[in-house]
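See structure below.
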Amino acid sequence: MAAVQSDEHKSQAVLVLEGGGSLSHEPVEWAMGRLRAGLAGRGITLCDKGAAGSAGQPEIVLHLVADTPAAAARPVPDGSPEAFAVVPLPEKTEGSVALCARDPRGLVHAILEYADLVTYAPGVRGLPVLDAPIAEAPRIPVRSISRCFSSEIEDKGWLHDKDGWRHYLDMLAEARINRFALTLGMHYNYPYGQEFLNDVYLIFAYPFLLKVPGFEVYAEGLPDAERDYNFEMLKFISRECARRGMDFQLALWFQRYDFDDTPQASYQIRGVDESRHAEYCRDALAIILRECPDISGITLRVHVECGIPEGSTDFWRSYFSAFDGIGRRVRIDLHAKGIDSELIEIALATGNRVSISPKYTLEQQGLPYHQAAIRDFERPPSHGVDAKWRFSEGSRKFLRYSYGDLLATDRRYDIMFRIWPGTQRVLVAADAETAAGYGREAGMCGSLGVELCEPLSFKGRMGVGRRDGRTLYRDRALQTRYDWEKFRYQYRVWGRRLFSDQGQAEGWQRPLLRAYGDAGLRLDEALAAASRFALLLTTSHAPSASNNSWWPEMHENMSIVANAPKLPYGYDMASPARYGTVRGGDPKFFGSIRDLVDDLLSGRGHRSYAPLTVANWFDRIADIATEGLDAARRSVDSADPEFRRLAGDVAIQAAMSRFFAEKHRAAFAWELYLATGSRDAALAAVDRYGIAVAAWAKAAEVARLLYVEDIAFGHFSWLRGRWDDRIPRMEEDVALMRTTIGTAPDAPPTKQHGTIARLLALMDGWQEVQRFDPRHEAPASFSRGEDLALTLTLPDDGAAVFLHHRPVDQSADWQAVEMQPVGKAGSDVMLQGVIAGRALDGRFPLQYHFERRGPVCSAFFPALNDTLSNRPYFVVPPGI
C-alpha cells in the first residue's frame, strides 16, 4: 500500500539513471512519457539530476540491473525476462523510489507500475510513499490479446482510428499485455457455406491490403485509396505496438474461398488464377513482411476452414517460402485444429520459431484448468471422411477443441493456447483468482502462454453489423468513447494476474479504491464472484462446443422436456438431447443430470462432480455477488456511469447463476420423473423451473433497462437479441412440462416411493462436498519405463480410493487403479497405487488424480477450490 508524501507542496522530482538504466530504448521512452503525464496531473515536473532546484527533491531512479556494485542493492525477483521491482528509498528524500528491472520490457513494467501508483494515489498532489517494495516476475512468457475484425460497418471505424489505437494500446501495455494480434477472417469458420459469406471485408485479406505485382487480383468495388490506407494502418498499428514494447501478431485465417460462387458477397474477388494461387498468397505475405518490419509473428489457420484442403503440402511449402529473405525471424503460429506432423515439419524447415495454438476449452472460456478429457464427439470416427478434412474430422479430430497430443516431451515447437470468443462477449468479467489460474495453467508442460479473444469479438459478423453497432447501451450517458473502455477493469485484472499472482490485491483494485473507497472492494468481490458463473457453466454443462450454437452468456433456453432440434444444440450431442442429458465441457469430471439420477436410483454412487454440487456452486456465486453488490450500492452514488455499468453486469450474471442453480434442480426432478413416473418428482420440477425463470426474469429486467434491444453476434436468433428475448422459450417449456404431467397417467405405487421421496429431499438439501484432503507428496518426476508407486495417508473409514492416470494426451484414455493399504500412521491408513512402467514411456508427462468413493458420490483430490481456479489433477514430467 502507498501513502502520500507528507509534504504535498513539492513540485519537482529528480530523474536518476543508475547502473545500466537508459532512456535509449523506445518503449522505455514511451513509458516515461506516461509517467511524466501522471506526475504532471499531480502538479509535479520531472527534472534531471543537477538541474536548478533539484537539490533535496525526491528521486526516481531508473535502474536496469547490470554487473555494477549498485545491482545488489536494487532487488529484482529473479533473472527472468520482464521481472521488475519498485523499491522505496527511505535513505533519500521522502517519496524517492528505484524502478528496477533486468531488461527494457521489465523496466517498462516498473515505470508503468509507478505511474499507476501516482495516478491512483489519494488526494490531488504529492508523490506516493511505499511502505514496502513491489516485486513481480511473469509466470508465462506470452500474454496476448486478439482483436477480431468481423464487420465492415462496425469495425472499419476503429481500424482506421489512429488516435483510438494509441489509447487502446496504451491500455494494453499498462495491463502488462505483451503481445497484440490483429485477427482477420476468424469470425467465419467455414469457407464453403456460401449463404454465410456475405460481409467479406478483410476475410481473404490480401486484396484489401495491397496490389501484388504480377497478379491482377483485386476486390471489386474497393477504392485503391482505401486499400492503401488499410495497409498504412497495418504498418501504423504494428509500429505502435513496437513503440510500447509489445509484439505484434498478424492473424490471417483465410487463404481462399469459393470466389466464383459468392453472389451475395459484399465484394467480389476478381482476377484469381487458381493455378498460381499459392504464389499469389506467398508473394502477398512476403510484401507484408517486408513492408511492415514491426510484424513479429504470423498466425495461420491451416485446416480446411482456411480454404485449403487438408494435406495440401505443396501449397504450404510455397506459402512458407515467403519467410525467406525478409532479413529477420518471425514467429509462425499455426492454429492446431487439423494439424499434422508433415505440416509442422514444413513450418519448422523455415528456420523460424513455430508455435501451435490449440483452443483452450472448446470454442468457449471455461474454468482455468485444461479439461481432463475431450467429449466423445471429438474422438476420431471409425468411418471414412471427405479428404479435404481428413485430419480435422478424421484421424486427428481430437485436436478440434483442445491440445490433443501436442504436449509431447520431445516437441520442437512451442504451444500457445487461445481462448475462443464464445462464452463472454458483452458483460464485464474480472476475477483475479480466475486470471491468476489462467496464468498458471497456460504454462502447463512448458507452454508459452495464452491469447484471449477480447470481449465483443465477432460482434456484427455474418452481415448483421449496423452503423451504431458498437453502442451497447440505451442510455448514452453509459456509453464510453471507445467500445473497449467498458472492459478497462477486466483488461487490468486479466493482464496483471496473468503476469503474476505475486502482487497484492491493491495493485489491480486501485481504480475502484480511488473511485469508491471501501465500497470498491465490495464491488470487486461481487464482480469476481459473478465472473465465475459462465466459466463454471461451460466446464460443467456444455450443450455445444461451438460458439456458433451456444452463447453461455446469453443462453438460448434448452428444453428440459423435449428433445432439442438440430440447431442450436441437437447436432452436437448424442440423442436424446435435452437439458438433463447434457454433459460437461470436461466430461471426465462433469457428467449429466440424468447420469446422477441413474446412479442414485441404482445405489452405485455418482463418480463425477454431481450436477447438484454444481447447483450449489451456482448459488454460492450468486450469494457472494449479490451480497457484495448490495453492500457497494449502499455507499456509492448510483448515478455514476462506471458503477452503473459494473453493477448492472454483476446483477445480470448473479441472477443467471441463480437461474442455472434452480434449472439444474428442476431437471434433476424431471429426470427422476422420467425414470420412475413419480408425479411428486414432476411437480417438484415445475416448482423449481418456475423459480429458475423468475431468476432469469430479474437478469432480463436489468438488461432491458441497460442494453439495446438487439446485440448481434450472428444472424441466428441464438446469436443475437437481449436477455428478455429468452424468456418466452422458458415459459413454453414450463407449460410443456405442465401439459406432459397433466396428460400422463398416474403411476401405480411402487417400492421406489420411499426412494423418490429421499432423493427429492436430497436434492433440496444437497450437502455433498466432493473433496477430501489426504497427505500426499507428488513426485518431481518419474523414471521412464519403471513402475511408479504413489501413496496417500488419510483417515481409515474403509472407503475405496482409486488412482486415475493417463499421459497428458487427449487422445489417450484414463486408467483407474484401486489403491491398497500398505501401513498405518496412527489412526490413519497409508494407501498405495502403482502405475505400471509400460504406461510411463516418457513421451508425455503424467497426469493423475485420486477419487474416494462414497455411497452417494465420489470425492476428489486435488479438488476444485472455492474460487474454482485451481487444477484438479497433478502433472509430473519424466526425468531427464
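Can you give me the Cα centroid spacing of the stretch 470-545 and the stretch 699-728 in angstrom?
Each part's Cα centre sits 21 Å from the other's.
With an 8 Å Cα cut-off and a minimum separation of 6 or more residues, compute the relative contact order for the chain in percent.
It comes to 10 percent, rounded to a whole number.
May I have the pair-distance distribution P(r) for the stretch 134-222, computed from all Cα-Cα distances with 5 Å bins from 0 and rounded to whole percent?
Percent of pairs per bin, in order: 2, 10, 17, 18, 16, 14, 10, 7, 3, 1, 1, 0.
What is the diffusion coefficient of the stretch 747-828 in µm²/s, taking the Kirkwood radius over Cα pairs and the Stokes-Einstein relation at 25 °C with a viscosity of 0.890 mPa s?
Calculated translational D: 142 µm²/s.
How long is the gain from A55 to K566 if the chain were fully straight, where each residue apart is worth 0.36 nm and the alpha carbon distance is subtracted?
Extending this stretch completely gives an extra 176.4 nm.
Excluding the sites themselves, what is the longest stretch of the chain that contains no trypsin sites (Lys or Arg not before Pro) in a DSSP loop with at most 11 other C-beta atoms within 10 Å?
The answer is 1-327.
Among the lysines, which have Cα under 22 Å from the Cα of K49 when same-chain residues fewer than 8 positions away are ignored?
Correct list for K49: K10, K92.
Find, to one decimal place in angstroms, the Kirkwood hydrodynamic radius of the stretch 643-702, where the mean of 1/r is taken over every pair of different Cα atoms and then inverted.
One decimal place: 12.1 Å for the Kirkwood radius.
Just the number please: accessible area per residue for the chain, 1.4 Å probe, all protein chains included, in Å².
Here the per-residue accessible area is 35 Å².
Let me know the Rg and Dmax you get for the stretch 317-475 when you use only its Cα atoms, in Å.
For the stretch 317-475, the Cα-based Rg and Dmax read 18.2, 56 Å.
Pairs K459/K698; K211/K337; K459/K663; K156/K486; K156/K459: which are spaced more than 21 Å apart, C-alpha to C-alpha?
Those over the limit are K459/K698; K211/K337; K459/K663.
Under Stokes-Einstein, with the Kirkwood radius over Cα pairs standing in for Rh, what whole-number D in µm²/s applies to the stretch 359-453 at 20 °C and 1.002 mPa s?
146 µm²/s
With r defined as the distance between the Cβ atoms of R290 and L46 and R0 fixed at 30 Å, what FRET efficiency is calculated, to the nearest 0.05?
0.15
Quick one: pull the percent of accessible area on the chain belonging to carbon and sulfur, 1.4 Å probe, ligands and nucleic acids left out.
Carbon and sulfur atoms account for 50 percent of the accessible area of the chain.
How big is the shadow of the Cα convex hull of the stretch 412-503, averaged over all directions, in nm²?
8.1 nm²
On full extension of the chain, what length is gained from E26 through A812, given 0.36 nm per residue of separation minus the C-alpha to C-alpha distance?
278.1 nm
How big is the shadow of the Cα convex hull of the chain, averaged over all directions, in nm²?
Computed as one quarter of the Cα hull surface, the answer is 40.3 nm².
Modelling each spin label as a point 7 Å along the Cα-to-Cβ direction, I'd like the R379/A477 distance in nm, to one decimal.
In this crude spin-label approximation the distance works out to 5.8 nm.
The values are calculated or read from the model by the stated rules, or taken from the named source; none is laboratory data. Keep in mind that this is a model prediction, so the values were computed, not measured. Cβ sites come from the backbone with ideal geometry, for glycine too, and all protein chains shown count toward neighbours. Accessible surface areas use protein heavy atoms only, side chains included; no ligands, DNA or RNA. Shrake-Rupley method; radii C 1.70, N 1.55, O 1.52, S 1.80 Å.
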